[in-house]
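The values are calculated or read from the model by the stated rules, or taken from the named source; none is laboratory data. Keep in mind that what you see is a predicted model, and the values were worked out from it rather than measured. Every residue, glycine as well, gets a Cβ built from its backbone with ideal geometry; the counts of neighbours run over all protein chains shown.
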Amino acid sequence: MSSITVSSSNARTVGRFGHYGGRYVPESLVPACQAVADAFGEAWADPGFRGSLARLLSAYAGRPTPLTPALRLSAELGLSVLLKREDLTHTGSHKINNVMGQALLALRMGRKRLIAETGAGMHGVATATAGALLGLPVKVFMGERDVERQAHNVFRMRLLGAEVVPVTTGSRTLKDATSEAMRHWVTDADEAYYCVGSVIGPHPYPTMVREFQRVIGDEARRQCAAELPAAVPDYVVACVGGGSNAAGTFAGFVDTAAKLVGVEAEGGSGAANGEIGVLHGSQSLFLQDEHGQIKEAHSIAAGLDYPGVGPEHAHLRDLGRARYVTVSDAEAIEAAVRLARTEGILPAIESAHALAWVIRATGTSVLPSGSTVLVTLSGRGDKDVSILMAEAKL
């Protein structure tokens, strides 16, 4: 992927993806960010650390995840659809890949506890799981609205021993949970480790989270090579909120001829409709009003109602290497139901956004019939059953 230049703590030169990225944080957080960057650089170059992570992901998280042909859906659409099954990991989403890496890094750094933000709750559940496994207390910040609509995951976090802190400011969703987690980190940076859930935030997080998630793309690349005559699919598609599952998936295919497609929520389309701005420590594309203020995002999927994207996604968009599109809430619900009924797989509503674009675009010049399409199912839909009960027209 894009090379990273690290030469100082100056936001103009650290952790850049073209125009994007950097480290825009209060001076009090610069040493904490640099400590994470230094520790990650050393750990990622250490075969012992990477071996420990690989063993955990295999024996505990259930990797490698399968590549499942969606046979009935493929026949209906006139495509060959392959599903990368992150929904089958322990805890039910791709989030465990990143969290296990960061939790091991926290132990390596001698940190005593974990802080996290969460939207749909899956990153919070993964962090609570890692904390229980490794003996680290966990505090999770979650928007009050998301606490209400993801009660299932809130209970899972508390059952695992984590403290869940409802955030009542602003839109009371993921953006505000992230802001509150960063404020808390300022007060406890010497002993707490902030486990960021997506490819957002100040350097080194966008790079580090992508590297922990690239296991998705690397596995899928090997699996496609074994299954497909052409070795790589024609299209690689993933949903995008902040964008970690997409970044990890794209990392395995960015150097191939595969077309990369990131699918955002219609009301959270930072890559498709955003403008350059700064939020949560990095420069990227964000939804903004005429005064440059960050606009409130909306999505029926709590994990996608973030008003921007990670800086690497912004860079890939500018390069034309990846295309970013949007689908509506209704399309995502319909796609979730359709996959459940054709394949017996209930995806998270976040993941259903990627499927919804494939369904809508198939047979057009954008996605011709006969194409081979890899779709990352970033998570399972158990957490969304109450939403589906209210919204699906069954």
Here are some conditions: (1) modelled with pLDDT under 95; (2) at positive phi; (3) small (Gly, Ala, Ser). Gly344 meets all but one. Which one does it not meet?
-> (1)
Long-range neighbours under 6 Å by Cβ, at least six apart or interchain, first residue assigned to a loop (DSSP other than H, G, I, E, B) within segment 235-254, second among the basic types (Lys, Arg) = Gly252/Arg221
State whether one or more residues within segment 176-192 are closer than 20 Å to Ile387 by Cβ and either in contact with a helix residue (DSSP H, G or I) (Cβ under 9 Å, 6 or more places away or on another chain) or buried (at least 20 other Cβ atoms within 10 Å of the Cβ) (or both).
-> yes
Residues that are on the phi < 0 side of the Ramachandran plot, in contact (Cβ under 8 Å) with a residue 60 or more places away in the chain and not hydrophobic (A, V, I, L, M, F, W, C), drawn from segment 268-282 = Ser282
Can you confirm whether segment 162-180 contains a residue that is modelled with pLDDT of 95 or more, under 20 Å from Gly320 (Cα atoms) and in contact with a Leu (Cβ under 9 Å, 6 or more places away or on another chain)?
-> no
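Can you say whether Arg111 is under 30 Å from His298 (Cα atoms) and charged (D, E, K, R), as far as the supplied structure shows?
Spelling it out, it is not the case that Arg111 is under 30 Å from His298 (Cα atoms) and charged (D, E, K, R).
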Within segment 118-129, track down each residue that is assigned to a helix (DSSP H, G or I) and not β-branched (Val, Ile, Thr).
-> Met122, His123, Gly124, Ala126, Ala128
Could you look through segment 356-384, keep only residues that are in a helix (DSSP H, G or I) and in contact (Cβ under 8 Å) with a residue 60 or more places away in the chain, and pick out the one that is surrounded by the fewest Cβ atoms within 10 Å (Cβ to Cβ)?
-> Asp382
Test for Ala132: is it closer than 19 Å to Val36 by Cβ, part of a helix (DSSP H, G or I) and at pLDDT 95 or above = no
Somewhere in segment 76-86, is a residue assigned to a helix (DSSP H, G or I), under 19 Å from the mean Cα position of the chain (by Cα) and under 24 Å from Thr362 (Cα atoms)?
-> yes
Identify the residue in segment 161-175 that is hydrophobic (A, V, I, L, M, F, W, C) and not in a loop (DSSP other than H, G, I, E, B) and, among all such residues, is surrounded by the most Cβ atoms within 10 Å (Cβ to Cβ).
-> Leu174
Val14 passes all but one of the listed conditions (1) within 30 Å of Ile359 (Cα to Cα); (2) in contact with a strand residue (DSSP E or B) (Cβ under 9 Å, 6 or more places away or on another chain); (3) assigned to a loop (DSSP other than H, G, I, E, B); the exception is number (1)
